[in-house]
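Have a look at the structure below before the remarks.
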Amino acid sequence: MTKLITFLNGPNLNLLGRREPEIYGAETLDDVVAAASALAAELGLALDPFQSNHEGALVDRIQAAREGAAGIIINPGAYSHTSVAILDALNAFEGPVLEVHISNIHRREAFRHHSFVSARAEGVIAGFGTQGYLLALRRMAALVSA
Ligand code: CA2
């Protein structure tokens, strides 16, 4: 059976490709989701994409993933650095979690250097641009088929 991967993007990532291309690149979130969906199909996976600017909506979606998703790929955006609620929700999910950051958060302001989500994630990708999502998906394919 095709395994479902919940693909979450947090606040302001709906603006991808529309502002700050020097940091986040030129691809829109729709471009990223289209590329990731195509790769998922090649890898025998299906993608369940969701973006929200609201912490509770992301928590709800992580809880919903307990019902049928094999893994979660998440770019929590700024909530990475603030949200114990998202960490708690991820801790209640049993499958693998991979964290993606488009920019290299360790080369930016000190407040971006810590992510609450990293304590739960099997792996973290940062600074690979939007390609990081595709690399995470390849790793996820290996994790859910192991
Ligand atoms: O590098 C990443 O992927 C981040 O998760 C992006 C977050 C930032 O708060 C994290 O520290 C690192 C911000 C997302 C904002 O996305 C925008 C995209 C285009 C234009 C404006 C904002």
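Structure notes:
- For the range 10-53, the Cα gyration tensor yields ellipsoid semi-axes of 22, 12, 6 Å (square root of five times each eigenvalue, largest first, whole Å).
- Among L15, L87, L98: highest mean-square fluctuation, GNM of the chain, C-alpha pairs under 10 Å: L15
- Cα-projected label distance for H54 with F128, points at 7 Å along beta-carbon direction, nm: 3.2
- Dipole magnitude for the chain: computed about the Cα centre from +1 point charges on Lys and Arg Cβ and -1 point charges on Asp and Glu Cβ, it is near 240 debye.
- Over all other residues within a Cβ to Cβ distance under 13 Å of R108, the charged ones net out to -1, with Lys and Arg as +1 and Asp and Glu as -1.
- Placing pseudo-labels 7 Å out from each Cα toward the beta carbon at A46 and N91 gives an inter-label distance of 3.2 nm.
- Net charge of the neighbourhood of G17, taken over other residues with C-beta under 10 Å away and scored Lys/Arg +1, Asp/Glu -1, is -2.
- Sequence-distant residues sharing a close amide H with G71 (under 5 Å, placed H): T6
- Compactness of the chain, expressed as Rg and Dmax over alpha-carbon positions, Å: 13.9, 43
- For A26 and M1, the difference between the fully extended length at 0.36 nm per residue and the C-alpha to C-alpha distance is 5.5 nm.
- The ranking of V117, V59 by Cβ neighbour count inside 10 Å, starting from the fewest, reads V59, V117.
- Net charge of Cβ neighbours under 13 Å - reference R120; Lys, Arg +1; Asp, Glu -1: -4
Just so you know, all these numbers are worked out from the coordinates, no wet-lab data involved. Since the structure is predicted, the reported quantities are computational estimates derived from the model, not experimental observations. For neighbour counting, all protein chains shown are included, and Cβ atoms are generated from backbone atoms with ideal geometry for every residue, glycine included.
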